[in-house]
Amino acid sequence: MTNRVDVVVIGGGQAGLAAGYHLRRRGLDFTVLDADPAPGGSWQHMWDSLHLFSPAEHSSLPGRLMPAQAGETYPDAGHVVDYLADYEKRYDLPVQHGTRVDAVRRDGERLLVEADTGTWRTRAVISATGTWSRPFLPAVPGRSAFAGRQLHTVNYHSPADFTDQHVIVVGGGNSGAQIAADLALDGQVKVTWVTQRSPRFLADDIDGRALFDVATARRRALDAGRDDAGGVASLGDIVAVPPVRAARDAGLLVARPMFARLTAEGVRWADGSHADADAVIWCTGFRPALAHLAPLNLRSARGHIPTDGTRALGEPRLHLLGYGDWTGPASATLIGVGRPARDAAHEIAALCAHN
Ligand code: FAD
């Protein structure tokens, strides 16, 4: 049986829920299909000690402030999951959990969304599938030779899994710094942190609020045709959240340069020095999860789908939400996704009014 709705939102994480909020306000008939069996998007899979880099009130989706978490300035991932689950219920958003979309195809005037539980015929699609399901690992010589464990950020849970082991953490972004700090502060794990270039810590008084302000100022400047002031990347890479600051100040977060290759026992640097290791954790980022859109044939050589705002240039019935700044400044953050979600719902309402 084929279901019919005005709009299908693919993905029920924060981006999909923000889209749902604005579609509901526009009175559109929609459904949200989400592969995860439970609410919370990728937040339900993050490591045990992860905390947001902004206070709760600066991490909110449209319509509802995130409540503060007792005893925590920066809420933990579990608190975000609770907030998203409550948001879904509060706005009665029609999320079908445990439904994975395999393909979106053109079908004359409509789009066809094929999932493992059924098919939907729709006027418009918002794809909000995030990046968590597409961890990126760089091609480094010897990777298959290493006899120890190799994990990506997505598989890391807690230092308890590495007691008395030597762990190499690769990556100079927030995930790398936070996981290296988490392991080092535990005191029972030997950690070597390696980064491609020297780590760039943001000033200690800069957290997610300031990053969002910079992203917003950049958007305004670009909208007004002024010069690009460089955005958040000009400030540094690593937010000095309390555990990162504590590890850095204790001298536990000193990065070594990237090694040249893995060996069976560990890693070897270009100068010939070698370190035995039990595990390597690759904190080397993500790619957008866009495989379900392959039949539309929209991807550029960079692996993105070119957009005007959130609307795909090659398919005006498709919007992309979240993923990264290419779908709107800060659109892959809790506080930043509201505006592009509103714009997408606005454009889709206009589209639906005309056909
Ligand atoms: P996700 O949360 O990944 O949700 C996507 C949903 O789509 C999932 O539920 C998934 O099951 C579903 N899905 C995927 N593929 C399919 C498919 N084919 N069919 C159906 N469903 C599908 N942001 C902040 O604002 N503050 C922070 O402090 C912060 N810290 C971060 C720390 C880390 C380590 C990371 C990785 C990110 C952090 N972010 C932070 C960034 C951002 O908020 C998250 O990446 C966010 O989870 C993205 O939300 P999303 O809804 O786009 O994707």
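Here, each number is a calculation from the coordinates, and none is a lab measurement. Everything numeric here is computed off the predicted structure, so don't read it as measured data. Virtual Cβ from ideal backbone geometry, glycine too; neighbours counted across all protein chains shown.
I'd like to know how the chain sits against the 2.2 N^0.38 Å rule of thumb: what's its Cα Rg over that expected value?
1.04
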Given 0.36 nm per residue, what is the gain on full extension from His274 to Val254 after removing their alpha carbon distance, in nm?
5.5 nm
The range 20-90 shape via C-alpha gyration tensor axes, a/c threshold 1.5:
oblate
If the elastic network links every pair of Cα atoms under 10 Å, which of Arg200, Arg149, Arg311 fluctuates the most in the Gaussian network model of the chain?
Arg149
Given the -39500 (n - 2.57) contribution per DSSP H run of 4+ residues, what per-residue ellipticity at 222 nm results for the chain, rounded to the nearest 500 deg cm²/dmol?
-7000 deg cm²/dmol
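Could the peptides 51-58, 114-121 be put in order, highest first, of the mean number of other beta-carbon atoms found within 10 Å of their residues? Walk me through the numbers on the way to the answer.
Values: 51-58: 20.0, 114-121: 15.5.
Highest to lowest by the protection proxy: 51-58, 114-121.
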Under a GNM of the chain (C-alpha, springs under 10 Å), which listed residue has the highest mean-square fluctuation: Pro39, Pro288, Pro242?
Pro242
J(HN,Hα) series, the range 139-152, from Karplus relation 6.51 cos²θ - 1.76 cosθ + 1.60, nearest Hz, glycine and proline x
7, 10, x, x, 4, 7, 7, 5, 8, x, 7, 10, 10, 10
Can you tell me the FRET efficiency between Asp48 and Arg149 if r is taken as the Cβ-Cβ distance and R0 is 25 Å, rounded to the nearest 0.05?
0.90
If you add up the charges near Ser133, with Lys and Arg at +1 and Asp and Glu at -1, over every other residue whose beta carbon is less than 15 angstrom from its beta carbon, what do you get?
-1
What shape does the range 281-355 have by the C-alpha gyration tensor, where a ≥ b ≥ c are the square roots of the eigenvalues, rounded means a/c under 1.5, and otherwise prolate means a/b greater than b/c and oblate the rest?
oblate
Once you have the Kirkwood Rh of the range 1-124 from its Cα pairs, apply Stokes-Einstein at 4 °C and 1.567 mPa s and quote D in µm²/s.
84 µm²/s
Identify which of Ala345, Ala217, Ala247 has the largest mean-square fluctuation in a Gaussian network model of the chain, with springs joining Cα atoms closer than 10 Å.
Ala217
Can you figure out the FRET efficiency of Leu65 with His346, using R₀ = 25 Å and their beta-carbon distance, to the nearest 0.05?
0.65
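Quote the relative contact order of the chain in percent (integer), defining contacts as alpha-carbon pairs under 8 Å separated by 6+ residues.
Numbers: 750 pairs, mean separation 78.9, N = 355.
Taking the mean separation of contacting Cα pairs over the length of the chain, I get 22 percent.
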In nm, spacing of pseudo-spin labels at Ala246 and Arg302 (7 Å Cα→C-beta vector)
3.9 nm
